[in-house]
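Please treat every number below as a calculation from the coordinates, not as lab data. The shown structure was predicted, so the numbers you read here are calculated from the model rather than taken from an experiment. Virtual Cβ from ideal backbone geometry, glycine too; neighbours counted across all protein chains shown.
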């Protein structure tokens, strides 16, 4: 891989981790002594939650040992494997590399949070109307979703084979 794309990848990854970490620190600082904060008539709600599970609390019901094995052990290895596989590919586009860096940055942000906070991540925002709401999430979760969507959108389109007339 050439140096410039690698530098761009690293810059995007570090920026994602930094933004995630800063937003979690701000959320803890601003929301620790409150019951939460609502904006836009409750459309956006900020409230602190320590999430021991994965995205939207998936895996919360697993034992601590199983959660730790997957979220502290397997997930970072998977992220590293995918990054290396893409980085070694000659056919990877800059858009795919950027999307992968965003995805990896989100994964690394949550992994670091989990390492620093006894296996939990700091979640603090939800969106919705009335009782119809998303789960509580954070900036790293948004980065992971944006990275996956970016990879899907940047993937080369394969035309369906023409059917014989």
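What's the ranking of 42-51, 94-103, 69-78 by average number of surrounding C-beta atoms within 10 Å, highest first? Walk me through the numbers before you get to the answer.
Values: 42-51: 16.4, 94-103: 20.9, 69-78: 14.0.
Final packing ranking: 94-103, 42-51, 69-78.
Is the chain rounded, prolate or oblate when judged by the Cα gyration tensor, a ≥ b ≥ c being the square roots of its eigenvalues, rounded requiring a/c under 1.5 and prolate requiring a/b larger than b/c?
Working: a/c = 1.86, a/b = 1.55, b/c = 1.20.
Prolate, since a/c reaches 1.5 and a/b exceeds b/c.
Per DSSP helix of 4 or more residues, -39500 (n - 2.57); summed, then divided by the residues of the chain. What does that give at 222 nm, rounded to the nearest 500? Show your work: numbers first, answer last.
Working: 5 runs with 87 residues, N = 165.
Calculated mean residue ellipticity at 222 nm is -18000 deg cm²/dmol.
Based on the alpha-carbon gyration tensor of segment 13-102 and its eigenvalue square roots a ≥ b ≥ c, which shape applies: rounded if a/c is under 1.5, prolate if not and a/b is larger than b/c, or oblate? Provide the component values of the computation, followed by the final result.
Values: a/c = 2.69, a/b = 1.50, b/c = 1.80.
Oblate shape, in that a/c is at least 1.5 and b/c is the bigger or equal ratio.
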